[in-house]
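The values are calculated or read from the model by the stated rules, or taken from the named source; none is laboratory data. Quick caveat, the model's predicted, so the values are computed rather than measured. We place every Cβ from the backbone using ideal geometry, glycine too, and count neighbours over all the protein chains shown.
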Amino acid sequence: MRELSPKQFSILEFIRSFVEEHDYPPTIRQIQEACEISSTSVVDYNLRALEKLGYIHRDRDVSRGIELVDKRPRVVAIPIIGTIAAGQPIPVPSADTWQQYDSETVHVPPDKVGKREHVYALRVKGESMIDALVNDGDIVVMQKAETAQDGEMVAAWLKDEQEATLKRFYHEGDRVRLQPANRTMAPIYTDAANIQVQGKVIHISRDNP
């Protein structure tokens, strides 16, 4: 089954909590306001997706015509600890600051995480990894790591610049090449001693309209 987008998961959880509290479903307008969605048409788009996936039934002739199917998605909540550039490097929070970000999470299927520990998520800013299907606004789920193999997509800390960036990692003698996945952008070259790998990408979560 296709993974729910963060927006779809938020809508589904709101409907579930609303029904538990009121014994009847919310209107589309109530879903829009509660989930901070830009328009009712976007709500309708995601309700249609949830219906197609089998999580709800709908009666479009009734204003509150949403019926939940007892089919809770099995997910793991991963903390989103900050933003990382996929263009030029920008600062991101360190592992020591995770607790400050525990109010925002991304939900992913358990098989995407497995039994890994020290997993976190970063929101991507920029388009330098678009050829690797990582777009501006996507969320990358990271496994904390201090080393990487050539070709792995990593969050790399540039010590001198005190900045981090999302790129593919390559050893080249005494230096490291941080390679974007965008033909219009040049790689970043730096001394190996200037690089600290912070994590490897293990999953990409994309939000839909």
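What number of residues within region 153-187 satisfy the criterion of being without any contact (Cβ under 8 Å) to a residue 24 or more places away in the chain and farther than 21 Å from V141 by Cα? Of the residues in region 153-187, 10 are without any contact (Cβ under 8 Å) to a residue 24 or more places away in the chain and farther than 21 Å from V141 by Cα. The residue that is surrounded by the fewest Cβ atoms within 10 Å (Cβ to Cβ), among those in region 180-198 that are hydrophobic (A, V, I, L, M, F, W, C) and in a loop (DSSP other than H, G, I, E, B), is A186. Quick check, is T40 β-branched (V, I, T), at pLDDT 90 or above and either closer than 20 Å to S205 by Cβ or over 22 Å from the mean Cα position of the chain (by Cα) (or both)? So T40 fits the description; yes. When residues in region 42-68 are screened for being over 18 Å from R29 (Cβ atoms), of a type in the set (D, E) and without any contact (Cβ under 8 Å) to a residue 12 or more places away in the chain, 1 of them pass.
When A192 is tested against (1) under 29 Å from A77 (Cα atoms); (2) touching a Gly at 6+ places or on another chain (Cβ under 9 Å), just one condition goes unmet, and that condition is (1). Of the residues contained in region 138-148, none is found to be out of contact with any strand residue (DSSP E or B) (no Cβ under 7 Å at 6 or more places or on another chain), in the same structural domain as G87 (by TED's automatic domain parsing) and over 30 Å from K7 (Cα atoms). For region 111-163, the set of residues classified as more than 15 Å from the chain's Cα centre (by Cα), assigned to a loop (DSSP other than H, G, I, E, B) and either over 26 Å from Y189 (Cβ atoms) or among the aliphatic types (A, V, I, L, M) (or both) consists of G114, K115, R116, E117, H118, A145, A148, listed by residue number. Name the residues in region 3-27 that are in contact (Cβ under 8 Å) with a residue 24 or more places away in the chain and either part of a helix (DSSP H, G or I) or among the β-branched types (V, I, T) (or both), would you? Selection gives P6, K7, Q8, F9, S10, I11, L12, I15, R16, V19, T27. Residues that are in a helix (DSSP H, G or I), out of contact with any helix residue (DSSP H, G or I) (no Cβ under 7 Å at 6 or more places or on another chain), hydroxyl-bearing (S, T, Y) and closer than 17 Å to D70 by Cβ are absent from region 41-49.
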